[in-house]
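Quick notes on the structure that follows.
Taken together, the values in this text are just the output of simple stated rules run on the coordinates, not laboratory data. Computed from a prediction, not measured in an experiment: that's the story for all the values here. Every residue, glycine as well, gets a Cβ built from its backbone with ideal geometry; the counts of neighbours run over all protein chains shown.
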Amino acid sequence: MIFPGKMPTTDFSSYYGSDTSFTEFKELTKVLSGISPSTSIPGVYIHDCEFRECSSSNNGGALYFTNSNARLLIEDTSFICCTSTSTYGGAVYFSYIDDGKSLLSKVCAFECSARDTSSSIGQSFYIAVCNDKYYNNYVNDSSISCSKNSGDSYYALLVKYGNILLTRENISRNECAYFSALYCCSNLNSACVAYSSFVNNTSTNLGCMKFEYSQDIQVCNIINNEQNTTNSPSTIYTSGSLFIWNSCILGNNKGKIVFKEGNTSYKITLYNCTIDGDIFTGSRFTRNLTIKRKNSRAFINGLSHLNVLGCEAKFDSFGTLTVAGEWQSENRGLCVTYVKNSNGSYAEALKVMKYVLINAFLQTDPSEGFFFGSPSSK
């Protein structure tokens, strides 16, 4: 079991070592065209930059990077309305599966898309590293929203291979043809998605989240994600065993399948999770869905998320319940909003609430205060 801690931001040399040469891009505002790293230097370090309306006919609307022994570090950077007219990576395309490593931290992607006429994969980010446990593939404290559907589009975020750790992600309000929010693939039994929100994502065909091989989901909110068709529906699809604990999975794919395994050898296990009451009575799952431990009371996790430039993180809500709190509408600079987990003292002080509902991308006026009630599905 993985218990991820906070990954501190750092300069390139202290993270990858002083023996790796790199090209640094800092404090840039790039409009219409992105950057072109040197093909002879293995490392790229991008920080405190803004890429706005950048477009490329190659993969990666703002950044294309595939150098040998590749090392990528992006921090405190926004990608706003970036597009690729090729297949992969509306904002960033990074792929070097022989010897690549990647870390994205405090990164915002807003209204990014890949627009190949046949299919497009990784509407904001396409990140693939070396398939080895010593090669990190991290995305932390980042926000991906409003990716645009363009024909046969897949995944707002794709992360593939290596030691995958996704923490404090806000992947919300994205639209794709297939699996609107996330594709996560690692056969190392070390991939983990934790402390993240997946809210109001819409797929015109298949699902919201796709997992390849066995993985963990920890302390996440997966709320109000929809699939428009009835063709092989599921909010969460896995081609490996999936262990989900201390997470809230509410209001997804109403009347349709929420949990689906690729075949009978895989299973999805829930431990202390909040789920809709009709998941079992309505047969909204396939094959092997198991509850190892029921939660003592329903909850939604209080999570910290990024607010920078075009990416805003508001409080999660379900049904008639909304929790409004400290919120800065001004988008300049970096702001992280945090509310304590509902299993802690915060919820104890509000015993009139059956649910505590927290976090992302809902049109809530902070001046309205708190709203109490019960979701209609409970």
Label-to-label distance, nm, for residues given as S119 and K26 (7 Å Cα→Cβ offset): 4.1
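Grab the other residues whose beta carbon is less than 12 angstrom from that of L289, score K and R as +1, D and E as -1, and report the net. Walk me through the numbers on the way to the answer.
Details: positive: K260, K267, R284, R287, K292; negative: E261.
For residues surrounding L289, the net value is +4.
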Summed side-chain charge close to N228 - residues other than N228 whose Cβ falls under 11 Å, Lys, Arg +1, Asp, Glu -1: -1
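Treating only the Cβ atoms of Lys and Arg (+1) and Asp and Glu (-1) as charged, compute the dipole magnitude of the range 24-293 about its Cα centre; round to the nearest 20 debye.
Numbers: 21 positive and 22 negative charges, 146 e Å.
Computed about the Cα centre, the dipole is about 700 debye.
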Relative exposure of V31, V139, judged by other C-beta atoms within 10 Å (fewest first): V31, V139
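If neighbour count is taken as other Cβ atoms inside 10 Å, put S13, S296, S38, S84 in order from fewest to most. Provide the component values of the computation, followed by the final result.
Numbers: S13 15, S296 8, S38 12, S84 31.
So the residues, fewest neighbours to most, are S296, S38, S13, S84.
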Directionally averaged projected area (convex hull, Cα atoms, the range 24-293), nm²: 12.5
Long pairs among K101/K292; K101/K294; K30/K260; K256/K294; K26/K101; K148/K294, criterion Cα-Cα beyond 31 Å: K101/K292; K101/K294; K30/K260; K148/K294
Residues R71, R287, sorted so that the one with the fewest Cβ neighbours within 10 Å comes first: R287, R71
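Subtracting the Cα-Cα distance from 0.36 nm times the residue separation, let me have the gained length for N228 to F280 in nm, one decimal. Mind showing how you got there, number by number?
On the way: separation 52, 0.36 × 52 = 18.72 nm, distance 2.15 nm.
That pair, N228 and F280, stretches by 16.6 nm at full extension.
Contour minus end-to-end for S38 and N187, with contour as 0.36 nm per residue of separation and end-to-end as the Cα-Cα distance? Working shown, then result.
On the way: separation 149, 0.36 × 149 = 53.64 nm, distance 3.14 nm.
That works out to 50.5 nm of additional length.
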Gain on full stretching of the segment that runs from S265 to S55 - 0.36 nm per residue minus C-alpha separation: 71.3 nm
